[in-house]
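So the structure is just underneath, and the comments pick up after that.
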Amino acid sequence: MIAQLAIGTFVIMINAVIQAEMFAAFAQHLERLIQHLRRFFRRFTNTATIVVGVLFVMVVQTINVWVWGVTFYLAGVFQQFEPALYFSLVSFSTLGFGDIILDEKWRLLSGLTAANGLLSFGWSTAYMVELVRRTQ
């Protein structure tokens, strides 16, 4: 149990750092992005900026899911990478289909993955709300 908590906490920490740094980098370049998009989209610059923001957030979420997938695979929870990545995505997005469940030795990680995903999606939603506010 302690090993699961340690691994899960470490992965959550890595994902928080990734998300914080990537969101900060996007925010730092936002004005330049808007200026660039204005040349091509004129009246639709705000919409284009929001679309780019949504795609960027999806990239961040995808990276977070991959971090969990790699963790599951390297920890030996799954023998193949595809099921590890699939389980990571289903757990991180809190869908929890239940078609794959973890062995008792590792099941605490699925809850930590879901908790990380819930917080990450909430953070991303707040980020998108601020992006929309800044583009209006």
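The values are calculated or read from the model by the stated rules, or taken from the named source; none is laboratory data. Quick caveat, the model's predicted, so the values are computed rather than measured. Here the Cβ is made from the backbone with ideal geometry for all residues, glycine too, and neighbour counts use every protein chain on show. These area figures cover heavy atoms from the full protein model, side chains too; ligands, DNA and RNA do not enter into them. Shrake-Rupley method; radii C 1.70, N 1.55, O 1.52, S 1.80 Å.
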request  = Would you mind stating whether THR47 is polar (S, T, N, Q), open to solvent by 60 Å² or more (accessible area, probe 1.4 Å), under 12 Å from the mean Cα position of the chain (by Cα) and within 24 Å of GLU130 (Cβ to Cβ)?
outcome  = no
ask   = From the list GLY53, GLY76, which residue is without any contact (Cβ under 8 Å) to a residue 24 or more places away in the chain and either at negative phi or not in a helix (DSSP H, G or I) (or both)?
value = GLY76
ask   = Filter segment 90-112 for residues that are of a type in the set (Phe, Trp, Tyr) and in a loop (DSSP other than H, G, I, E, B); which is nearest to GLY76 (Cα to Cα)?
value = TRP106
ask   = Can you tell which of TRP106, TRP68 is surrounded by 12 or more Cβ atoms within 10 Å (Cβ to Cβ), in contact with a Leu (Cβ under 9 Å, 6 or more places away or on another chain) and within 25 Å of ALA3 (Cα to Cα)?
value = TRP68
query = In this structure, does VAL17 turn out to be surrounded by 15 or more Cβ atoms within 10 Å (Cβ to Cβ) and either modelled with pLDDT of 95 or more or in a helix (DSSP H, G or I) (or both)?
reply = no
